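One structure below.
The values are calculated or read from the model by the stated rules, or taken from the named source; none is laboratory data. Worth saying up front: this structure is predicted, and the values here are computed from it rather than measured. All Cβ positions, glycine included, derive from the backbone under ideal geometry; neighbour counts span all protein chains shown. Surface accessibility is based on the protein's heavy atoms, side chains included, excluding ligands, DNA and RNA. Shrake-Rupley method; radii C 1.70, N 1.55, O 1.52, S 1.80 Å.
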Amino acid sequence: MNKLKISLAQWSLHREIFEGNLDNLDFAITAKNDFGITRVEYVNRFFRDKDNNYIREMRKRGEDAGVYSLLIMVDGEGMLGDPDLGKRIIAVEQHRRWLEAANILGCHSIRVNPDSEGSYETQMDLVVDGLNRLTAHGADYGINVIVENHGGFSSNGKWLAEVIRRVDNPRCGTLPDFGNFRITPVEYYDRYLGIREMMPFAKGVSAKSWDFDSLGNETEIDYQKMLRIVYESGYDGYIGIEYEGNRLSEREGILATKALLERSHQAIFKS
C-alpha cells in the first residue's frame, strides 16, 4: 500500500451533531470542505428515523460534492448473539433495514456489534449464528457485515477472529479499531496483538484517537506500529479517523489524527 487512503467516521463529529451545530445531511460536504476527505462512514443513530428518500438525498449531496460512503455503523438494533432465539432473529431483522440503507448510500458494509451473554464459547456460538443469518441477508443487498472490537469478548482479538472463521463467509469480516480493547472495567487486551489477529478479515480499519503529545503523537497508541501491522496484512482499503478526545475540539482532533496518519505512513515507506 503506497498510497494512504483516509476516510472520516461520523462519530468524530458526534458532539456537533447532537448539539445541532452540524446537520447529518451536511456531514459529507463538511468532510471534504473542512478536512479534505472524500470517503465517509455514517452512524445510524443520526438518521434512524429517516426514510429511504432521505437516505437517497444523503447520497446525492455527498456524491454531488465528490464524496462517497463506505459503511454505516449500526447500534441499538438488538443483540445479534441474544441467548433467546426469537430475540436473536428479531435483532437480525432489525439490522436488515440498514443493509438496505447501505445499499442506497452506495456503501460496501454495515458495522455491527457482536453483543451476547454467557461464557466465552457460548457467546461465540450465539454470535456466529446471528452473523450467519444476517450475512445471508447481506448478500441480497450486495452488502458486507463487518464486526468491530467494541467491548466484551469482541475486544479479545482471538475471540473475534475465531467468530469470523466460524462464520466462514466472504461477506463477513472485521472492522479493527485501534482503541477498543477493554474487555471488562479492569481487563484489557493487547491492542497490537488484537489488530494483528483481526486484520486478515478486515474490510475497514478505524484509527481511534483521544489525545496527542507535544510532537503530535497519540498518547496511548503507537500509530507507526499500528500502520505496519495493517500494511503487513496486505490491507489496501481506507483507514477511518475516529477521534473521541476532549482536550482538543472535534475538528482539531480530526486534523491532528489525519496529520499523524500521514506522518506515520510517510515514515514507514521511507524506512
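The set of residues in segment 193-228 that are outside any helix (DSSP H, G or I) and among the hydroxyl-bearing types (S, T, Y) comprises S206, S209, S214, T219.
Filter segment 107-131 for residues that are without any contact (Cβ under 8 Å) to a residue 12 or more places away in the chain and assigned to a helix (DSSP H, G or I); which is farthest from the chain's Cα centre (by Cα)? Even if it seems obvious, please write down each step before you answer.
Step one: filter segment 107-131 for residues without any contact (Cβ under 8 Å) to a residue 12 or more places away in the chain, giving 119, 121, 125.
Filter once more, so that each one left must be assigned to a helix (DSSP H, G or I): 121, 125.
Numbers: E121: 24, D125: 23 Å.
Once the filter is applied, the top-ranked residue is E121.
Among the conditions (1) in a helix (DSSP H, G or I); (2) within 23 Å of L261 (Cβ to Cβ); (3) not aliphatic (A, V, I, L, M), the only one that R165 does not satisfy is (2). On inspection, R45 fails the criterion of being of a type in the set (K, R), touching a helix residue (DSSP H, G or I) at 6+ places or on another chain (Cβ under 7 Å), in a helix (DSSP H, G or I) and at pLDDT 95 or above.
When E197, E218 are checked against the criterion of being crowded, with 21+ Cβ neighbours inside 10 Å, over 22 Å from R39 (Cα atoms) and touching a Phe, Trp or Tyr at 6+ places or on another chain (Cβ under 8 Å), E218 stands alone in meeting it. If the condition is being open to solvent by 30 Å² or more (accessible area, probe 1.4 Å), among the hydrophobic types (A, V, I, L, M, F, W, C) and in contact (Cβ under 8 Å) with a residue 40 or more places away in the chain, then segment 5-30 contributes only W11. The residues listed here are D84, D75; of these, the one that is closer than 24 Å to S7 by Cα, open to solvent by 20 Å² or more (accessible area, probe 1.4 Å) and at pLDDT 95 or above is D75. The set of residues from segment 168-192 being of a type outside the set (D, E, K, R), buried (at least 20 other Cβ atoms within 10 Å of the Cβ) and part of a strand (DSSP E or B) comprises C172, G173, T174, L175.
Limited to segment 57-85, what total is found for residues that are assigned to a helix (DSSP H, G or I) and farther than 22 Å from D140 by Cβ? Steps first, please.
The initial filter retains those residues of segment 57-85 that are assigned to a helix (DSSP H, G or I), namely 57-64, 85.
Subset that is farther than 22 Å from D140 by Cβ: 57, 60-64.
Going through segment 57-85 one residue at a time, the tally reaches 6.
Using the structure shown, decide if K208 is of a type in the set (K, R) and touching a strand residue (DSSP E or B) at 6+ places or on another chain (Cβ under 6 Å). In short, yes. Among the residues making up segment 87-146, those that are of a type in the set (K, R) and within 20 Å of N24 (Cβ to Cβ) are R97, R111.
Quick one: is K50 in a helix (DSSP H, G or I) and open to solvent by 20 Å² or more (accessible area, probe 1.4 Å)? Taking the combined requirement at face value, the residue does not satisfy it.
Looking at segment 132-160 only, could you name the residues that are hydrophobic (A, V, I, L, M, F, W, C), more than 16 Å from the chain's Cα centre (by Cα) and open to solvent by less than 40 Å² (accessible area, probe 1.4 Å)? Passing the criteria: L134, W159.
So that you can scan it fast, the table gives a plain yes or no per residue for (1) among the hydrophobic types (A, V, I, L, M, F, W, C); (2) assigned to a helix (DSSP H, G or I); (3) open to solvent by less than 10 Å² (accessible area, probe 1.4 Å):
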| site | (1), (2), (3) |
| --- | --- |
| Y231 | no, yes, no |
| D236 | no, no, no |
| R247 | no, no, no |
| L255 | yes, yes, no |
| I268 | yes, yes, no |
